[in-house]
Amino acid sequence: MKQITTAKKKPDFNAHTFLSTIGKGRNMVSFEKKQTIFSQGDSTDGLFFVQTGKVQLSVVSEAGKEATLGILSEGDFFGEGGLAGQLHRMSSAVAMTDCVLLHVERKAMMLAMSREPKLSAMFVKYLLKRNIRYQDDLVDQLFNSSEKRLARVLLLMAQFGEEGVSEMSVPRLSQETLAEMVGTTRSRVSFFMNRFRKLGFINYDVGDNLHVHSSLLNVVLHDDDGISVTAGGKNPAAGIRKGSEPPREPGEAPDKDRARRPPLPSVPRRHS
């Protein structure tokens with residue numbers, strides 16, 4: 001009797017599994033808090049996918065001035081410039097906390113994306129979402145006050161948008177770093193952080209973490225009418241008046257003189 005054999009079906013490709021396990025061209029690497037992952041000017045050698053922890057991206061000018069580009073966390077890619085032919089790192093990456101990262105070599109990533117449409121679609125979707133984030137950052141910088149910009153940075157760092165989440169902890173950053181991210185002075189950041197703390201929006205009295213409450217959204221969603229919102233946003237008139245202007249550098253325009261636009265939407269939901 002002739003035996004009939006059937007071809008073994010190829011298992012479905014799972015992009016998340018590919019980006020969470022080791023294999024050919026994929027290695028899991030660990031970094032301790034404050035350890036440098038790569039430095040600006042280093043040769044590109046693939047990209048990283050964050051498994052656990054938080055990573056800070058920064059860039060340094062020729063004059064030595066450093067600026068923070070962003071804070072990355074679980075599920076984020078970084079260092080992918082080499083896929084587009086970039087020969088050297090355009091920024092530096094440092095572990096803000098103890099981190100576990102998946103390092104994927106350029107050749108392995110390019111080959112996997114050419115063979116697996118699901119991985120390619122996932123990667124393109126991530127890049128598009130990050131491009132939208134950069135556009136939102138630009139709009140925020142052009143049209144919103146430094147108080148709103150600081151509130152938005154803190155909310156994005158805490159990754160608000162998940163249903164049922166009312167408070168999140170993030171690694172505590174220096175006021176200089178926050179000022180770089182917001183595009184303002186350290187004295188203004190200090191002024192607004194104290195205001196947020198007094199209103200109950202944040203708490204950074206204990207440990208190395210900053211606790212961010214969802215009520216901070218009231219600052220982002222509130223129209224600029226010369227009065228700051230109160231905790232919970234129930235009675236804006238009872239808040240701290242913006243007539244108490246924060247310190248500013250000579251020649252810097254006060255926030256009330258900035259361009260006006262409709263309020264930005266809520267912090268977008270984070271999809272897995």
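State whether one or more residues within the range 51-58 are at pLDDT 85 or above, surrounded by 10 or more Cβ atoms within 10 Å (Cβ to Cβ), touching a Phe, Trp or Tyr at 6+ places or on another chain (Cβ under 6 Å) and outside the structural domain of SER174 (by TED's automatic domain parsing). Within the range 51-58 (the criterion being at pLDDT 85 or above, surrounded by 10 or more Cβ atoms within 10 Å (Cβ to Cβ), touching a Phe, Trp or Tyr at 6+ places or on another chain (Cβ under 6 Å) and outside the structural domain of SER174 (by TED's automatic domain parsing)), the answer is no, since none of the residues qualifies. Is one or more of the residues making up the range 88-107 closer than 21 Å to SER20 by Cα, of a type in the set (Lys, Arg) and out of contact with any Pro (no Cβ under 7 Å at 6 or more places or on another chain)? Yes, the range 88-107 contains at least one residue that is closer than 21 Å to SER20 by Cα, of a type in the set (Lys, Arg) and out of contact with any Pro (no Cβ under 7 Å at 6 or more places or on another chain).
If the condition is being outside any strand (DSSP E or B), under 23 Å from MET110 (Cα atoms) and touching a residue at least 60 places away in the same chain (Cβ under 8 Å), then the range 26-52 contributes THR44, ASP45, GLY46. Residues in the range 108-145 that are crowded, with 17+ Cβ neighbours inside 10 Å, farther than 18 Å from THR21 by Cβ and without any contact (Cβ under 8 Å) to a residue 60 or more places away in the chain: ASP137 alone. Consider PHE192 carefully, then state whether it is assigned to a helix (DSSP H, G or I), touching a Pro at 6+ places or on another chain (Cβ under 9 Å), modelled with pLDDT of 90 or more and aromatic (Phe, Trp, Tyr). Yes.
Out of all the residues in the range 59-82, which are in a strand (DSSP E or B), more than 14 Å from the chain's Cα centre (by Cα) and at pLDDT 90 or above? If the condition is that a residue be in a strand (DSSP E or B), more than 14 Å from the chain's Cα centre (by Cα) and at pLDDT 90 or above, then VAL59 is the only one that fits.
The values are calculated or read from the model by the stated rules, or taken from the named source; none is laboratory data. It should be emphasised that the depicted structure is a prediction, and the values quoted were computed from it without experimental measurement. Quick reminder, even Gly has a Cβ in these numbers, built from the backbone with ideal geometry, and neighbours come from all protein chains shown.
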